[in-house]
Amino acid sequence: LVVVRGREVVALRGYGTVDPRAGTPVDPARHVFRIGSVSKPLTATTVLRVAGAHGLGLHDDLRDLLAPLPVRPAPAEPLTLHHLLTQGAGFNERLFGQHVTRAGDLRSLDEYLRRHLPPRFIEPGAVIAYNDHHTVLAGWVAERLAGARFEALAEQELLGPLGMAATTFRQTDLPPVVADGMTRSWRRSGDGWRPYPRDFVITTPAAGAWSSAADMAKGGVTTSNSRIVQ
């Protein structure tokens, strides 16, 4: 748990254990968790910085830029970054196929979306319908604009400048501080515990980030004036 008030960390605490067999307590400054859909605000900030650097506005029409992807049915109205980042682009969800159990089965965002982009069910801006693929498409747009993978763009535009060394969207070749602090999920097995095997997220902009509680505070805090209450 981390609590930030303004630019000040007022609480940073760990609860439970990262290894129930050994009883290792959670260290909120060192242990790294996959943060799931809390990845999305980090993605949105990265995308906006990349878009701004390349002259793309929130309400600019993306239909030409999205032409390489199977966007179906084709939107009759403009589809924009604003629609994607506010969950209003009108795409259906596709829950299966976003995770793989072997690193060798990972695919680029471009390859994944060309094969698995779900169809739209309504025109952009008509409704808000939460959907991982809206955020994934926004990450793909950033990749197309910058000519670099999203994981690298997040490090360049956000994580590096904020000093978030324990945060990454990478699924392989993890930074040492992430690899050393990475936690696992556990399940009951008989009278003991067994770790779940690790999986890998293809749709990283939507749910693939790893971070520590201390790192997540850095977006709203400067180290020089923070006060930690243990």
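Please name all residue pairs, on different chains or six or more residues apart, with Cβ atoms under 8 Å, provided the first residue is in the range 195-210 and is part of a strand (DSSP E or B) and the second residue is of a type in the set (S, T, N, Q). Final answer for the pair search is PRO195/SER185; PHE200/THR101; PHE200/GLN171; PHE200/THR172; VAL201/GLN98; VAL201/GLN171; TRP210/THR167; TRP210/THR168.
Of the candidates PRO75, PRO20, PRO41, the single residue that is touching a Lys or Arg at 6+ places or on another chain (Cβ under 7 Å) and open to solvent by less than 80 Å² (accessible area, probe 1.4 Å) is PRO75. State the number of residues belonging to the range 102-140 that are of a type outside the set (A, V, I, L, M), closer than 18 Å to PRO73 by Cα and either in contact (Cβ under 8 Å) with a residue 60 or more places away in the chain or assigned to a helix (DSSP H, G or I) (or both). The qualifying residues number 5.
Checking each residue in the range 144-178 for being open to solvent by 50 Å² or more (accessible area, probe 1.4 Å) and either under 30 Å from ALA67 (Cα atoms) or assigned to a helix (DSSP H, G or I) (or both) picks out ARG144, GLY147, ARG149, GLU155, GLN156, ARG170, THR172, PRO176, VAL177.
Anything in the range 207-221 that is farther than 25 Å from GLU143 by Cβ and surrounded by 18 or more Cβ atoms within 10 Å (Cβ to Cβ)? List them, or say none. Across the range 207-221, the qualifying residues are SER212, ALA213, ALA214, ALA217, VAL221. The numbered conditions (1) basic (Lys, Arg); (2) open to solvent by less than 40 Å² (accessible area, probe 1.4 Å); (3) farther than 24 Å from SER185 by Cα are all true for ARG115 except (2). Across the range 179-188, the number of residues qualifying as open to solvent by less than 40 Å² (accessible area, probe 1.4 Å) and not in a loop (DSSP other than H, G, I, E, B) comes to 1. Exactly one residue out of ALA11, ALA51, ALA74 is part of a loop (DSSP other than H, G, I, E, B) and aliphatic (A, V, I, L, M): that is ALA74. It is to be established whether one or more residues within the range 195-206 are over 22 Å from ARG107 (Cβ atoms), surrounded by 14 or more Cβ atoms within 10 Å (Cβ to Cβ) and out of contact with any helix residue (DSSP H, G or I) (no Cβ under 6 Å at 6 or more places or on another chain). Checked against the condition, which is being over 22 Å from ARG107 (Cβ atoms), surrounded by 14 or more Cβ atoms within 10 Å (Cβ to Cβ) and out of contact with any helix residue (DSSP H, G or I) (no Cβ under 6 Å at 6 or more places or on another chain), the range 195-206 yields at least one hit. Being touching a strand residue (DSSP E or B) at 6+ places or on another chain (Cβ under 6 Å) and either open to solvent by less than 70 Å² (accessible area, probe 1.4 Å) or modelled with pLDDT of 95 or more (or both) is a property that HIS133 has. When you look at ARG107, is it within 11 Å of THR203 (Cα to Cα) and either open to solvent by 60 Å² or more (accessible area, probe 1.4 Å) or basic (Lys, Arg) (or both), yes or no? Considered against the rule, which asks whether it is within 11 Å of THR203 (Cα to Cα) and either open to solvent by 60 Å² or more (accessible area, probe 1.4 Å) or basic (Lys, Arg) (or both), ARG107 comes out as yes.
Criterion applied to ARG49, ARG30, ARG13 was being touching a residue at least 12 places away in the same chain (Cβ under 8 Å), within 30 Å of PRO78 (Cβ to Cβ) and of a type in the set (D, E, K, R), and the one residue passing it is ARG49.
Tell me the residue from LEU109, LEU95, LEU66 that is within 23 Å of ARG149 (Cα to Cα) and in contact with a Leu (Cβ under 8 Å, 6 or more places away or on another chain), please. First the steps, then the outcome.
Values: LEU109 fails: in contact with a Leu (Cβ under 8 Å, 6 or more places away or on another chain); LEU95 fails: in contact with a Leu (Cβ under 8 Å, 6 or more places away or on another chain).
That would be LEU66, the only listed residue that is within 23 Å of ARG149 (Cα to Cα) and in contact with a Leu (Cβ under 8 Å, 6 or more places away or on another chain).
Yes/no per residue for (1) of a type outside the set (Val, Ile, Thr); (2) in contact with a helix residue (DSSP H, G or I) (Cβ under 7 Å, 6 or more places away or on another chain):
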| residue | (1), (2) |
| --- | --- |
| LEU84 | yes, yes |
| ALA129 | yes, no |
| ALA138 | yes, yes |
| PHE150 | yes, yes |
| LEU153 | yes, yes |
| LEU158 | yes, yes |
| MET164 | yes, yes |
| THR167 | no, yes |
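Scanning the range 29-38 for residues that are open to solvent by 20 Å² or more (accessible area, probe 1.4 Å) and either hydroxyl-bearing (Ser, Thr, Tyr) or more than 10 Å from the chain's Cα centre (by Cα) (or both) yields a total of 4.
The values are calculated or read from the model by the stated rules, or taken from the named source; none is laboratory data. What you are looking at is a predicted structure, and each value in this text was computed from that prediction instead of being measured. Every residue, glycine as well, gets a Cβ built from its backbone with ideal geometry; the counts of neighbours run over all protein chains shown. Quick note on the areas: whole protein, heavy atoms, side chains included, nothing else; ligands and nucleic acids left out. Shrake-Rupley method; radii C 1.70, N 1.55, O 1.52, S 1.80 Å.
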